[in-house]
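Accompanying notes for the structure given below.
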Amino acid sequence: MTRPQQPKALLVLQDGSVFDGFALGKIGTAGGEICFNTGMTGYQEIYTDPSYYGQVIVNTTSHIGNYGIQLGLEEESAGVKIRGMVCNFFSPIFSRHLADGSLQDYFEKANIVGIHGIDTRQLVRHIRSKGVMNCIISSAVLDPDQLLAELNNVPDMAGLELSSEVSTKAIYTVGQEDARLKVAVLDLGVKKSIVQNLADRGAYCKVFPAQTPFAELQAFNPDGFFISNGPGDPAAMPYAVETVKQALETEKPLFGICLGHQILSRASGIDTYKMHNGHRGLNHPVKNLITGLCEVTSQNHGFAVKADEVQDHGNVEVTHINLNDNTIEGIRRKDKPAFSVQYHPEASPGPHDSRYLFDDFVTLMQ
Ligand SMILES: NC(=O)CC[C@H](N)C(=O)O
């Protein structure tokens, strides 16, 4: 297919590799950690997932934008959270009767810079062998040397605390006030669908800003604590580790997803590390070691918990492992009603194999 005349753009990686393509979204420059997501659908949920804050997403699926955007329903938070987007074919036109508009307009309004016309297969093979790195995209500056110099200002993801930037500023509630269960949600960058999954199971959720002192969560007198997903490095979040430690003391059920899983691990004395490349996509096979069953899971993480430290830990049991690379996908405390998973049981986007974990949390609270 011939492309219409369109502005050029450049993608420059930290190792000096240069890819040229065409502009999408806003004309400008944006830098962040380059991550690839292999999901074939659900782009809007991905762009609005606060866990992607500070990252440039490469969508490996062949067409992006073709089904437009939907306001509200397909947004996992209020607005776009990614720093930039890279894809192969970007469709300026969309076809879906429920769509509210085009992805191009959505990105322009959100000031998101992107690039398309990229051989994403070549790009992903490159990042996969070299490891995760920063990048810069520009449709305003087309000089690779200048962009490489500007790339030095993009912070390294390791050591970054980002939850405070995406967490709610004010406490809010979801669900019925007279519901049979109350859950205190620590918002480290929570996705809407996670809170909705809890509310759908009869929980009245009170969502607290990331740095809320534990006493405020406790004053709600919840039946359980939920520690959310979110962006950044769990090693840079001692405040959240402290909150989880105090929550564990209450002996009330606690459930963590993704960043919440990493924080529960750290609160249990298990270290986290930055992976060579993260897991981001909708088809990651995970084995539940308790039931022996396999789940196809939705994932988005660049850090993980140290397997040897979990295995040597007397009070922590591995409940789930990744069948591709044997990394830890879930743990539970033997001495407390607390468990967590590295992947995303709410999916959104993704398969619903793992939603039983929300039921397990509810059962534990009852
Ligand atoms: N989805 C998440 O919660 C991501 C957790 C963490 N920021 C990571 O990249 O590993």
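Could you say which residue among 149, 203, 170 is aliphatic (A, V, I, L, M) and crowded, with 16+ Cβ neighbours inside 10 Å? Going through 149, 203, 170 in turn, just one is aliphatic (A, V, I, L, M) and crowded, with 16+ Cβ neighbours inside 10 Å: 203.
For the range 78-117, a tally of residues being basic (Lys, Arg), over 13 Å from residue 67 (Cβ atoms) and without any contact (Cβ under 8 Å) to a residue 60 or more places away in the chain returns 2. In the range 155-171, which residues are assigned to a loop (DSSP other than H, G, I, E, B), in contact with a Lys or Arg (Cβ under 8 Å, 6 or more places away or on another chain) and more than 10 Å from the ligand (Cβ to nearest atom)? Across the range 155-171, the qualifying residues are 158, 171. Screening residue 226 with (1) surrounded by fewer than 24 Cβ atoms within 10 Å (Cβ to Cβ); (2) in a strand (DSSP E or B) gives one miss only, at (1). The residues on offer are 150, 76, 108, and the sole one that is of a type in the set (D, E, K, R) and touching a helix residue (DSSP H, G or I) at 6+ places or on another chain (Cβ under 8 Å) is 76.
Filtered by the rule that a residue be touching a Pro at 6+ places or on another chain (Cβ under 8 Å) and either of a type in the set (A, V, I, L, M) or away from the ligand (no atom under 16 Å from the Cβ) (or both), the range 284-319 gives 294, 295, 296. State whether one or more residues within the range 259-273 are within 12 Å of the ligand (Cβ to nearest atom), surrounded by fewer than 24 Cβ atoms within 10 Å (Cβ to Cβ) and assigned to a strand (DSSP E or B). Yes.
Here residue 187 meets each of (1) outside the structural domain of residue 275 (by TED's automatic domain parsing); (2) within 14 Å of the ligand (Cβ to nearest atom); (3) charged (D, E, K, R) with one exception, condition (1).
Residues in the range 207-217 that are surrounded by 16 or more Cβ atoms within 10 Å (Cβ to Cβ) and either within 17 Å of residue 241 (Cα to Cα) or in contact with a Pro (Cβ under 6 Å, 6 or more places away or on another chain) (or both): 208, 209, 210, 212, 214, 217.
The values are calculated or read from the model by the stated rules, or taken from the named source; none is laboratory data. Since we're looking at a predicted model, the values are computed, not measured. Every residue, glycine as well, gets a Cβ built from its backbone with ideal geometry; the counts of neighbours run over all protein chains shown.
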